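**Student:** Sharing a structure, written as structure tokens. Questions coming.
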There are 2 protein chains.
Amino acid sequence: MSLWLNKLSASVPAGLKQPADTARFELDQAGLIADLKENPSMGDAYRIEQTADGAFTLFGGQTGLLYGAYRLITATLCGEQLPLPYASAPKYALRMINCWDNMDGSVERGYAGQSLFFEDGRVMYSPERMRTLGRLLASAGLNVLCINNVNVHEPAQRLLEDYLPDLAALADLFRPFGVRLMVSVDFSRPMCHGIPTADPLDQAVRAWWKETAARVYAAVPDLAGFLVKADSEGRPGPFTYGRNHADGANMLAEALKPYGGYAVWRCFVYNCRQDWRDTKTDRPKAAWEHYAYLDGSFADNVILQVKHGPFDFQVREPLSPLLLGMKKTKLAMELQLAQEYTGHQIDLYTMIPMWKELFGELPADNIMSVAAVSNLGNDENYTGHPLAAVNLFTYGLLAWDPAVDPAEAVTRWARLTYAFPPKQEQTLVSLLLKTRRVYEKYTAPLGIGWMVTPHDHYGPNPSGYEYDLWGTYHKANRDAVGIDRTHAGTGYLDQYPEEIRIRYENPETCPDLYLLFFHRLPYTFRMKDGRTLIQRIYDDHFEGLEETRAMAAALSGLPFPEPDASVIRGRMDRQLYNAREWCDIINTFFFRLSGIQDEKGRTIYE
Amino acid sequence: MSLWLNKLSASVPAGLKQPADTARFELDQAGLIADLKENPSMGDAYRIEQTADGAFTLFGGQTGLLYGAYRLITATLCGEQLPLPYASAPKYALRMINCWDNMDGSVERGYAGQSLFFEDGRVMYSPERMRTLGRLLASAGLNVLCINNVNVHEPAQRLLEDYLPDLAALADLFRPFGVRLMVSVDFSRPMCHGIPTADPLDQAVRAWWKETAARVYAAVPDLAGFLVKADSEGRPGPFTYGRNHADGANMLAEALKPYGGYAVWRCFVYNCRQDWRDTKTDRPKAAWEHYAYLDGSFADNVILQVKHGPFDFQVREPLSPLLLGMKKTKLAMELQLAQEYTGHQIDLYTMIPMWKELFGELPADNIMSVAAVSNLGNDENYTGHPLAAVNLFTYGLLAWDPAVDPAEAVTRWARLTYAFPPKQEQTLVSLLLKTRRVYEKYTAPLGIGWMVTPHDHYGPNPSGYEYDLWGTYHKANRDAVGIDRTHAGTGYLDQYPEEIRIRYENPETCPDLYLLFFHRLPYTFRMKDGRTLIQRIYDDHFEGLEETRAMAAALSGLPFPEPDASVIRGRMDRQLYNAREWCDIINTFFFRLSGIQDEKGRTIYE
């Protein structure tokens, strides 16, 4: 199995204590002669210099030395000349991975096997795999790992209680890689300890959380903090007590404050019992309504973690207005490496082109942190699909420096992992960079999202969520499709700054790929290029299928080693099946509704 | 909890040996003085006479005495005057219940709790509940109980192996009630015993089944036989070896023959991996294609068990052509008490009106047996919904005498169970008799079926199966809906006798309620009463919802005892929700497609 630093060694030995030890070990392995000069004040930042005799000197904090070492190693392995002296510092202090691992060993929305951390209700792992994971994370620049699901199922609450020694042991394993652990907590937990409420303004509750934080930090002094999903999809939260989310988050922040910990508070709050007949409620508006008015009232060690779009990790969503609007609050943008709606690590879907678009919309310094839902599992290759590892690696690069060039990031990963000859490397890189657009073409059209198999979220089901409780409707009928989210419609667009609102408000200026996110349009609507909406839908779907076939042909010509080659081939066969189902089902769905033939006479089934 | 013989006693004591002992016990309990005169040649038949002093004499075989005793008791409890002498014999020799119980304790398509027979991979039951169940079955005239799922999951194969003593003990418990057990078997089982094949023509395979039958009948001499689901939905079968189903069934029949056992062979064979694009394949045609040509080639102790309709227990299906066509084969008609597609024992659905229609279509003596998928479970009331017990009871009456009057059968059950005052009894009976039509009105229209939530089969999802692999499509588009199954269409109708074919072939003569089963029609099609098809769909749905509301009101006025009252009220609330969802979703679905307004201006959501 190929991983991006396997060329150094397939594993990292036990016994390393500090990040600088790891830096030392990795540089030695790579045959690089380098002096390490620790400068604690530099933290994650580093500077690489070269002495006259060709040896390197690295300056940095403990973690900075490690990041510098990996940069030097990856540059060397890639044959890249770093302009020396070379200095770098991360844009975001917290570069987080959120694992949705349950203690029964399952991974919610996991497509790479079972949990790396848990089995049968216990903390169970391979120390060697933890060290390999530590290396993967550190070499990508990632530094926070939340190990358990935000939906805190029994007995994961006990990670802060009788399983705390296990948590501490795991933290010890990741410390040499500069990776700090984080834990998802259950807001209602005080009630399991003799307190009749979880009201965040209740003194006994506050005292319980302070005592808990003290106990936890005594065991894991560098824990990054607590992650919380509250009042969301059935989770407990402050609403039960008539409190708002600032009350809830600030209570946890108060408990974590003495230890430098963060209360990371997810903003994924919406009505998940919506009546489909209700056209007043529009789910994308929910987060803004719950949080925007609280801007400025959060403690300074609260981070609001906001999904990148207002729905839930669809192929294309506009940037969440919360990420643009809350100027007096620390924000993290939440991405999702797990391919929940984007192909389950069966279909190829390289995310960095999408992420670049998102960061492109985001004013500098609007967020202070990034988080990504993990695509990891205990499959031998960690990410299920060998090529899904590109998302983990490039996420790290982007979290360090959002200005990174996508082609350069993907190339670095490809070269480290496979070291193909240049022409084949270029084939692989350009193919990977195309995958997102191809996937988008054959799935739900033009920003509409959600036409997936309910619950599972793989494969097409155009009306699967149409009459359900989740607030995700397209209301396609014989004439038109989409939800009007302009001022004249649900008013969602009013949550945006003027400049963005104006761009999206008018279907004539709204980018095509967002058209059906913001507008309800007849099938005969004329797009900017003169095609009708329905013809554009047909064209995209036939093209998406054709491009998938072309990708399959291109991939089959690349010299992947085993076992990667077999896994890639097997999954591509499934992607081909899936792409054909999507193409034919979406086209048939819209043909049955509209009765309009494809202008090019291609086969649309009745 | 009210059960129809609870007025006698809530349970039956241990220690009874033969059906006549049970007859004796039950008559004594009921305070009826009766002589029992056993006449083995009478079998299940009985005759009741009255002597000059008012005492009764019962003549019958062992089981006949028991059935006669229950008839006398129920008549007495109901205040019914039996015309004496009163003689009765069952129309069908085997009156079967098929339980779909798994050994892990779950019940496939079970809506009354967990299994009554199994738990955690073992045979586990309450002997007292078994005796109560025996009484329920015998008093309804039922005499065969297949205890395990036709999908034979591990470790249910071991019922014929190391769990055989458990099977024998259970058979002992049911013997005093004249109930013989049956077991679902795994066609591939020889392969777990060192034989490299399950080919029914292989001598080692045949020997294995003979040896198995000998062993099983040594432990359970009155076992009714083996039930088999072969080559169906992933089950193993003769097709694997290039053999047909006569080869498979006859092999089992040969093994069972020396012991008087039956090989009951289900005919539920179809392509469950159909491509939705394929319009040539039509699932209802499958059973005929697999079996009709084999008529006359089955051994005389083979029974082909055929579902009543060509699909799978939808609210309305025409009678399966197999049940009309195979004159030289023993047939059983399979019904389903479990409300898989008919409301999950939440919604009220009394089945006898449907069954009467089916028997009305069936020429006399075309079938020799009836079977029904069980609606039983370990809920205190055995059937989940207290009123679902009417289906178990009346199924028994119908299996004994298909000429039974539905109102009379339902009244008998109601009076035995609740003994309401006459007016309220009449309200309950007439309400129960209406439930099927009401349910039919608010669900998929006019024979189309299948618009249910996939897999779960409760609640509406108009396109849930539309692009799936199950062969159950309606292909609704902006103009028309339904599949043309006439000679000009898929040709399914060609499988029927001329008289029936002619009736259904022409949409002008086809009964309205079957219209969309056999025909593809535009929404503007004029029905016999002048309404358009679309208006009929809207009307039925609004009526179905209104009638459900009226039923809820009527039910709430009836003096059910607790706990029945609470359960009935709670489930009716859920039915009201479900009926409203169905009504609005189906109407919206067709309105979005057709764009045609309701003529009466009622609310259809966009």
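**Student:** Is it the case, given these coordinates, that B:G60 is outside the structural domain of B:V144 (by TED's automatic domain parsing), within 22 Å of B:W400 (Cα to Cα) and small (G, A, S)?
**Tutor:** Taking the combined requirement at face value, the residue satisfies it.
**Student:** Which is in a loop (DSSP other than H, G, I, E, B) and either more than 21 Å from A:D539 (Cα to Cα) or not hydrophobic (A, V, I, L, M, F, W, C) (or both), of A:Y439, A:Y465?
**Tutor:** Criteria check complete, one pass: A:Y465.
**Student:** Out of region A:559-586, which residues are under 16 Å from A:I534 (Cβ atoms) and away from chain B (no Cβ under 11 Å)?
**Tutor:** A:C583
**Student:** Among the listed residues B:M191, B:M103, identify the single one that is over 20 Å from the mean Cα position of the chain (by Cα), surrounded by fewer than 18 Cβ atoms within 10 Å (Cβ to Cβ) and assigned by TED's automatic domain parsing to the domain that holds B:Y341.
**Tutor:** Just a single option satisfies the conditions, and that option is B:M191.
**Student:** Please determine, by comparing only the residues of region B:579-594 that are in contact with a helix residue (DSSP H, G or I) (Cβ under 8 Å, 6 or more places away or on another chain) and among the aliphatic types (A, V, I, L, M), which one is surrounded by the fewest Cβ atoms within 10 Å (Cβ to Cβ).
**Tutor:** Applying the filter and picking the extreme gives B:L593.
**Student:** What is the residue count in region B:470-503 for residues that are polar (S, T, N, Q) and farther than 19 Å from A:P462 by Cα?
**Tutor:** Within region B:470-503, residues that are polar (S, T, N, Q) and farther than 19 Å from A:P462 by Cα number 3.
**Student:** Here is a check on your reading of the model: is A:L145 touching a residue at least 24 places away in the same chain (Cβ under 8 Å) and assigned to a helix (DSSP H, G or I)?
**Tutor:** Answer is no for this residue.
**Student:** On to the next question. So which of A:L397, A:L335 ends up being in the same structural domain as A:S115 (by TED's automatic domain parsing) and in a helix (DSSP H, G or I)?
**Tutor:** Matching residue, one of A:L397, A:L335: A:L397.
**Student:** Related question: What are the pairs with Cβ atoms under 6 angstrom where one residue, in region A:559-580, is in contact (Cβ under 8 Å) with a residue 60 or more places away in the chain and the other, located anywhere, is among the hydroxyl-bearing types (S, T, Y)? Sequence gap at least six, or different chains.
**Tutor:** Within 6 Å, the pairs are A:D564/A:S2; A:A579/A:Y442; A:A579/A:T548.
Every residue, every condition in (1) hydrophobic (A, V, I, L, M, F, W, C); (2) surrounded by fewer than 21 Cβ atoms within 10 Å (Cβ to Cβ), yes or no:
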residue	(1), (2)
B:P176	no, no
B:V185	yes, no
B:K210	no, yes
B:E233	no, yes
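**Student:** Does at least one position in region B:492-499 carry a residue that is among the aliphatic types (A, V, I, L, M), part of a loop (DSSP other than H, G, I, E, B), touching a residue at least 12 places away in the same chain (Cβ under 8 Å) and in contact with a Ser or Thr (Cβ under 8 Å, 6 or more places away or on another chain)?
**Tutor:** Within region B:492-499, none of the residues are among the aliphatic types (A, V, I, L, M), part of a loop (DSSP other than H, G, I, E, B), touching a residue at least 12 places away in the same chain (Cβ under 8 Å) and in contact with a Ser or Thr (Cβ under 8 Å, 6 or more places away or on another chain).
**Student:** Of all strands (runs of 3 or more DSSP E) completely enclosed by region B:1-104, which ones contain at least 2 residues that are of a type outside the set (S, T, Y) and in contact (Cβ under 8 Å) with a residue 24 or more places away in the chain?
**Tutor:** By residue number, B:34-38, B:46-50, B:56-60, B:94-98.
**Student:** Here are some residues: A:A407, A:A364, A:A389. Which one is assigned to a helix (DSSP H, G or I) and surrounded by fewer than 20 Cβ atoms within 10 Å (Cβ to Cβ)?
**Tutor:** Within the list A:A407, A:A364, A:A389, the selection yields A:A407.
**Student:** With the condition kept exactly as written, say whether any residue in region A:233-250 is within 14 Å of chain B (Cβ to nearest Cβ) and more than 22 Å from the chain's Cα centre (by Cα).
**Tutor:** Looking through region A:233-250, none of the residues is within 14 Å of chain B (Cβ to nearest Cβ) and more than 22 Å from the chain's Cα centre (by Cα).
**Student:** Evaluate the following for B:A246: is it at pLDDT 95 or above and within 30 Å of B:M42 (Cβ to Cβ)?
**Tutor:** no
**Student:** Taking the residues in region A:453-490 that are away from chain B (no Cβ under 11 Å), hydroxyl-bearing (S, T, Y) and in contact with a Phe, Trp or Tyr (Cβ under 7 Å, 6 or more places away or on another chain) as candidates, determine which candidate is nearest to A:W582 (Cα to Cα).
**Tutor:** A:T472
**Student:** Quick one: A:K7 ticks every box in (1) at pLDDT 95 or above; (2) of a type in the set (D, E, K, R); (3) under 31 Å from the mean Cα position of the chain (by Cα) bar one, so which box is it?
**Tutor:** (1)
**Student:** In region A:437-481, which residue that is acidic (D, E) and within 18 Å of B:N587 (Cα to Cα) is farthest from the chain's Cα centre (by Cα)?
**Tutor:** A:D479
**Student:** Could you count how many residues in region A:260-319 are among the acidic types (D, E) and within 14 Å of another protein chain (Cβ to nearest Cβ)?
**Tutor:** 2
The values are calculated or read from the model by the stated rules, or taken from the named source; none is laboratory data. Quick caveat, the model's predicted, so the values are computed rather than measured. All Cβ positions, even for glycine, are placed from backbone atoms using ideal geometry, and neighbour counts span all protein chains on display.
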